[in-house]
Amino acid sequence: MELKQLEYFLAVCEHGSISAAARALDARQPTLSVSLRNLEESLNATLFHRDARGIRLTPSGERLAAGAREVFTLLERPRDEVVGVEREDVGSFTVAYADAIGAYFLPEFMGRFLERAPNIEISLRSGPKSADVRQLVIDREVDFGVGVNLEPHPDLVMVPLYRDGIEVYVSSAEREPKNFVEACLRIKRGPLILCRRSSSVDDLLARFGADEVLPDRVLDCGDLQLVRSLAGEGLGAALLPRRVARYGNADELRVLFPRLPGMPELIHLIYRADRHRTRAAMRLKDDLLEYGRSLQASDPGDQSIVPP
């Protein structure tokens, strides 16, 4: 039993005669007649009553017709699903992000995107470091990544989103230093609170060490939100990305001293160059780009961080 035989059989059932079915299918009537005869022989069953009034299904024919309709329904379902994936805002994706980004980037983006595209499912995956995010995208474990100061890779598309930077922050309640030397003494007094998940932090520590302002006590918290909270309570000076320091209660922290060195950072959206470009994937990519670039447009001053 072949699918073409079932197609001809159902056409005859629908149109009531072989000649009408042949016209509807734009096929030759003898072709349908031979196909139906072969179908009956293969099943060793009579499928139609043939008389002067036309063709009527036998009980066996009725059972076959019901089963054939189920077969074609099942065959249509994958086609419809594929068409939906390719052409509609439907799909499931995973977005990886560096810890330094997730806290301020994701809440507003996710709220906006889920409202705009309710049929696109997003899973989130944290990479402690941007290099981890990059590797997840390379290994096809995630669809998109958002990371800081990423190294290029031949398999990746890297699109710049916005600028940020690591600076020294203290509680806004602290007295402001009068000059650069006093600010350096404040750092040296310690403790210096940080999260060592960025090469920018290591580079800045190396600079402080070379300038002999690195304090004896360095507190590595492993979590940027904890760094922010401890600095806000006045425990010490903190190394924080500017956008993390400003997120939420923007008045809780302030830059220790404007002329202190910081580490500029560039945030990229990354994805594999060969990724499948479905409508939903392109929608998610475009929305990530739009939101990331809106952060830069809303705060162009982030380009002003003083490099070491």
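The values are calculated or read from the model by the stated rules, or taken from the named source; none is laboratory data. Everything numeric in this text was worked out from a predicted model, so none of it was measured. We place every Cβ from the backbone using ideal geometry, glycine too, and count neighbours over all the protein chains shown. SASA here: full protein model, heavy atoms, side chains in, ligands and nucleic acids out. Shrake-Rupley method; radii C 1.70, N 1.55, O 1.52, S 1.80 Å.
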Exactly one of V71, V82, V142, V133 is closer than 30 Å to Y271 by Cβ, modelled with pLDDT under 85 and among the aliphatic types (A, V, I, L, M), and that one is V82
In the range 1-19, what count of residues is obtained for those that are more than 23 Å from E76 (Cβ to Cβ) and either within 52 Å of the chain's Cα centre (by Cα) or assigned to a loop (DSSP other than H, G, I, E, B) (or both)? 2
Enumeration of residues in the range 262-288 that are open to solvent by less than 40 Å² (accessible area, probe 1.4 Å) and under 24 Å from E115 (Cβ atoms): I267, L269, Y271, T278, A280, A281, L284, K285, D287, L288
Mind listing whichever residues of the range 116-142 are among the hydroxyl-bearing types (S, T, Y) and in contact (Cβ under 8 Å) with a residue 40 or more places away in the chain? S130
Taking R63, is it out of contact with any Leu (no Cβ under 7 Å at 6 or more places or on another chain) and more than 25 Å from L75 (Cα to Cα)? no
Counted residues in the range 232-274 being more than 30 Å from R140 (Cα to Cα), in contact (Cβ under 8 Å) with a residue 24 or more places away in the chain and in a loop (DSSP other than H, G, I, E, B) come to 14
Every residue from the range 227-258 that is surrounded by fewer than 15 Cβ atoms within 10 Å (Cβ to Cβ) and over 27 Å from S294 (Cα atoms): E233, G234
